[in-house]
Amino acid sequence: MSSNVGQNYPYSTETEQERARRVEATVAANKGLREKIQAESLGLESGDRWWVWKCPNAGCRGLIHSAGYARNAHAVYALCDTCGNTYLR
């Protein structure tokens with residue numbers, strides 16, 4: 001199994017409130033991230049629980065949280081709460 005396939009397995013789940021709080025804290029801590037998310041994604045529908053993934057960035061111990069749906073791909077637009085990078089899941 002390639003590492004790309006392994007990285008796509010969810011690590012855990014979180015409630016809608018946890019997800020929203022972590023995304024907002026990450027956006028507030030990273031200048032320009034809000035604008036990037038707005039330009040590259042659409043909003044999420046409300047849900048009870050959302051998947052959380054480990055950040056694949058070398059050396060980063062952060063978690064990736066759903067922040068929207070990608071505008072140009074059939075994927076969840078997600079961001080790391082530690083390094084601020086965005087990913088498609």
- Please get the size of the charge dipole for the stretch 3-88, origin at its Cα centre, with Cβ charges of +1 on Lys and Arg and -1 on Asp and Glu, quoted in debye to the nearest 20. 260 debye
- Item | Karplus 3J(HN,Hα) series, Hz, for the stretch 40-45 with 6.51 cos²θ - 1.76 cosθ + 1.60 (x for Gly, Pro) | 9, 9, 10, x, 8, 6
- Item | Structure-based [θ]222 nm, the chain - -39500 (n - 2.57) summed over DSSP H runs of at least 4, per residue, nearest 500 | -8500 deg cm²/dmol
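Values quoted throughout were computed directly from the atomic coordinates according to the rules given, and no laboratory measurement underlies them. The shown structure was predicted, so the numbers you read here are calculated from the model rather than taken from an experiment. Because the Cβ atoms are built from the backbone with ideal geometry, glycine has one as well, and the counts that use them run over all protein chains shown.
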